[in-house]
Each structure stands twice: as structure tokens, then as C-alpha cells.
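Undergrad: Quick one: this structure, given as C-alpha cells, is what I'll be asking you about.
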There are 2 protein chains.
Amino acid sequence: MAAAPKGAAVALGRPSGDPTTNSGDNSAMNWLDEVKWDAQGLVPVIAQEATSRDVLMFAWMNREALQKTAELGRAVYFSRSRGKLWFKGEESGHVQTVHEIRIDCDNDVVLLQVSQLGHEPATPGSPSQSIACHTGRHSCFFSVYKDGAWKITEPVLKDPDSIYK
Amino acid sequence: MAAAPKGAAVALGRPSGDPTTNSGDNSAMNWLDEVKWDAQGLVPVIAQEATSRDVLMFAWMNREALQKTAELGRAVYFSRSRGKLWFKGEESGHVQTVHEIRIDCDNDVVLLQVSQLGHEPATPGSPSQSIACHTGRHSCFFSVYKDGAWKITEPVLKDPDSIYK
């Protein structure tokens, strides 16, 4: 598993009433209570690349995943298929450093601003070459509707077989 | 209800085997069958402003909503609270013209590129002043996590009472 990027947690800010540096709910963590978790205890999450502003992917978090995301400054999702926490990049190395966490007007959708590690980092002014998608593409949203069909429009940047050993 | 913007449907492209200009499933519409609808027959949808690239909102579509979005070139969602189609902007006039419809690698999340009408349209190079949110703010994602709390960081651009008469 790739190391958690240091420092980002400081940028996000730790709960001021929480002197600990690791996990554990307490009364200062009631920002988590304000989230409207669905019947499965999950909230939908959009990950947007901070530099390119491309929407990279969509996933889900449970309470623990959101708490760890804020603590570690890296994206931690909840895998519905595997039924457990998914530290994004734990296999691929394609970690997402989290710069900002937003929530919507209904408190039931989260938006992350991230740096997507892996392949080549995004550079302002040119198309991003980072890889968020398990297919080896930059973004998971690589299919566009046209003339009554979905057409793949984005290239595979890296063979998935070489990403997931 | 605001008029549907003309022309956008042409840009998205009609199913080539479908000579009709309005609704009605047929064999050419199997792009809708490729969507992995959830147990409620819905798919999550992200709306991103094409010019500013801001993520404006998150909503849901059923099959009919997605079909109408493609046909009309404007965002049509499914309101889970009201249990019916929601022609975005039908009350507020804040219509979303749809330029592009994407689907993700799992065929279970939709991403729209939109122009958000209402208030002042977005202009490149300056913060967008369009209004997508029912609170009268530009984006629904106006609360940022900081120091263990959600903080509202975006201004109300227009009093909601004057939007929803």
C-alpha cells in the first residue's frame, strides 16, 4: 500500500477538540453526524482533479471512510462489492491526495478536490495524464453518448495488467 | 416551464435508426439498456458546468429522464422526493442545456457537461455566477470541511424566495 501523503491532513485541518492523530470518534467529530448517510450508511462521492478540473470518478464512503479521508488527506472509499474500506491506490499506487472536501446543500453528496497520483501527474495547460480508472484511463468517464450509442473517446494510458500485479 | 433549448439535441445526436423527434423506446435506443440502473431503476448523475468546469450538482435519473435529456438537450432528472420527472429549471427558469453526456467505466454513473442558465451566465476567466442550487447559490457544493466542521464558503447570489414564486 502506498504511503499516505504527509501534510495534507494539516491543510484540511484536524478537529480542534481532537488532540489525537488517529481515528476514534468523539464529540468533536460531529461533522460526520451532519452527513445524511443513506439506508446502507453510505454517501456518494465525486472525485475531481484539482488541476485539470476533470471529474475522475464516482464512489461511495461510509462514516469511517470519510473520517479517514479527512485524517489522512488521501481518498479512502468504501467498496460496496468487497464490503470493506478501499484505500484508493492500495494496489495500483494511484493514490488520490485530497485537498478539499465539500458537501452539498442536502448534506448527502461529497465532492473531493484531489491530486491523482500515477502515470504522469497533471500539468496545467495540457490534458491530464494521471490515471484514476481501473481500465488504465485518466478518468472513469471515458464513454460519450453520440447518435444513440456510447462511444469510447479516451485512450488507455497504461495496460491494467501492468497496474494490478 | 422554460422552453427547451433548440438545437442541442442535434449536437448530442439522435439515434440514427430513429426517425421520430420525440420519445418512444425502440430497438435503436439500446444505449439505455447498457446503463446499469440500480434497484430503484435510477442512475446517479453529476452535472458539471462546461465553461467554469465547476461541479454544480448531483441528482438522479430514471430511464425516461435520461432519454428525455438526450432528446431535448436539457437536463431532466428524476425527483426521488416527488417521485416524478424533474425538468431542471421548470420553476426557477434555471435550465441546464446539455452539451455532452458521459457514462463511467461501470455504466452506472452519468456525467453531464452543461450550460447553467439563470442569473448571469458563466464567462471564461471569472468565477461563474450562474445558479444551479435551490438555495440561490452557484453550486450545491458550497460547504467545505475545515477543522472538524462544515463551513459555508459561497454566497447566495439570489434570494430563493424571488426564484421560486
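The values are calculated or read from the model by the stated rules, or taken from the named source; none is laboratory data. On a predicted model such as this, the values are computed, not experimentally measured, just so you know. Ideal geometry is used to build each Cβ from the backbone, glycine not excepted, and the neighbour counts take in all protein chains shown.
Undergrad: Test B:Thr69 against the criterion of being within 13 Å of chain A (Cβ to nearest Cβ) and at pLDDT 95 or above, and give yes or no.
TA: Working: within 13 Å of chain A (Cβ to nearest Cβ): yes; at pLDDT 95 or above: yes.
Spelling it out, B:Thr69 is indeed within 13 Å of chain A (Cβ to nearest Cβ) and at pLDDT 95 or above.
Undergrad: Something else: Can you tell me which residue is surrounded by the most Cβ atoms within 10 Å (Cβ to Cβ) among those in segment B:44-61 that are of a type in the set (Gly, Ala, Ser) and part of a loop (DSSP other than H, G, I, E, B)?
TA: B:Ser52
Undergrad: Would you confirm, using the coordinates I've provided, whether A:Gly89 is of a type outside the set (Val, Ile, Thr) and more than 27 Å from A:Leu32 (Cα to Cα)?
TA: no
Undergrad: Hey, another quick one. For segment B:112-131, name all the residues that are at pLDDT below 95 and of a type in the set (A, V, I, L, M, F, W, C).
TA: Of everything in segment B:112-131, those that are at pLDDT below 95 and of a type in the set (A, V, I, L, M, F, W, C) turn out to be B:Leu117, B:Ala122, B:Ile131.
Undergrad: If you don't mind, there's one more thing I want to ask. Quick one: is B:Ser139 farther than 22 Å from A:Lys151 by Cβ and surrounded by fewer than 20 Cβ atoms within 10 Å (Cβ to Cβ)?
TA: No, not satisfied.
Undergrad: Condition first: more than 9 Å from every other protein chain (Cβ to nearest Cβ) and surrounded by fewer than 16 Cβ atoms within 10 Å (Cβ to Cβ). Now tell me which residues in segment B:33-43 satisfy that.
TA: Passing the criteria: B:Asp33, B:Lys36, B:Asp38, B:Ala39, B:Gln40, B:Gly41.
Undergrad: Restricting attention to segment A:147-154, does a residue exist that is among the small types (Gly, Ala, Ser), more than 10 Å from the chain's Cα centre (by Cα) and under 30 Å from A:Glu34 (Cβ atoms)?
TA: There is no residue in segment A:147-154 that is among the small types (Gly, Ala, Ser), more than 10 Å from the chain's Cα centre (by Cα) and under 30 Å from A:Glu34 (Cβ atoms).
Undergrad: Also, quick follow-up: Right, A:Val109: touching a strand residue (DSSP E or B) at 6+ places or on another chain (Cβ under 6 Å), more than 23 Å from B:Gln113 (Cβ to Cβ) and at pLDDT 95 or above or not?
TA: no
Undergrad: Among (1) modelled with pLDDT under 95; (2) surrounded by fewer than 17 Cβ atoms within 10 Å (Cβ to Cβ), which single condition is B:Leu85 missing?
TA: Tallying (1) modelled with pLDDT under 95; (2) surrounded by fewer than 17 Cβ atoms within 10 Å (Cβ to Cβ), B:Leu85 fails exactly one: (1).
Undergrad: For segment B:133-155, what are the residues that are in contact (Cβ under 8 Å) with a residue 12 or more places away in the chain and either more than 10 Å from chain A (Cβ to nearest Cβ) or in contact with a helix residue (DSSP H, G or I) (Cβ under 7 Å, 6 or more places away or on another chain) (or both)?
TA: Hits for segment B:133-155 are B:His134, B:Thr135, B:Gly136, B:His138, B:Pro155.
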